[in-house]
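So the structure is just underneath, and the comments pick up after that.
Every number here is computed from the coordinates shown, using simple stated rules; none is lab data. Here the structure is a predicted model, which is why all the values come from computation and not from measurement. So basically every Cβ, Gly included, is an ideal-geometry build from the backbone, and we count neighbours across all protein chains shown.
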Amino acid sequence: MAVVLGLMILLAVLLLVFTITHQRPLVPRDPDHLRSDDPEDCLSCHGRGRPHARPKNHPLNDRCWECHERAG
C-alpha cells in the first residue's frame, strides 16, 4: 500500500513538473507560416511525403494549433 501511494505521489510530482516546464513548439513568423492558420495549409508542406514532412516521432495529430503556437 505504501509503495502504491509513493508511486502515485511521484507520478503527480512528475506530471506537475512537466506541466509547469513544458513549452509549446513555436511556429516561425515568416511569410510561409503567416499565410494561414488552417491545418490543411500546414500539411501541404509538413504532411507525410511532403518537402518538410513532420519527423517520425511527431504525434499523429492534424490539429496543429492544439500544440503549436506562433513565435513572439
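Here are the numbers:
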{"item": "Hits in the stretch 13-34 (condition: loosely packed, with under 10 Cβ neighbours inside 10 Å and not β-branched (Val, Ile, Thr))", "result": "Phe18, His22, Gln23, Asp30, Pro31"}
{"item": "In the stretch 48-72, residue farthest from His33 (Cα to Cα) [restricted to those that are of a type in the set (A, V, I, L, M) and out of contact with any Cys (no Cβ under 9 Å at 6 or more places or on another chain)]", "result": "Leu60"}
{"item": "Pairs, first over 21 Å from Asn61 (Cβ atoms) in the stretch 20-38, second exposed (fewer than 10 other Cβ atoms within 10 Å of the Cβ), C-beta under 9 Å, six or more apart", "result": "Arg29/Gly72"}
{"item": "All positions within the stretch 3-61 that are within 25 Å of Gly72 (Cα to Cα) and either aliphatic (A, V, I, L, M) or in contact with a helix residue (DSSP H, G or I) (Cβ under 6 Å, 6 or more places away or on another chain) (or both)", "result": "Val17, Ile20, Leu26, Val27, Leu34, Pro39, Cys42, Leu43, His52, Ala53, Arg54"}
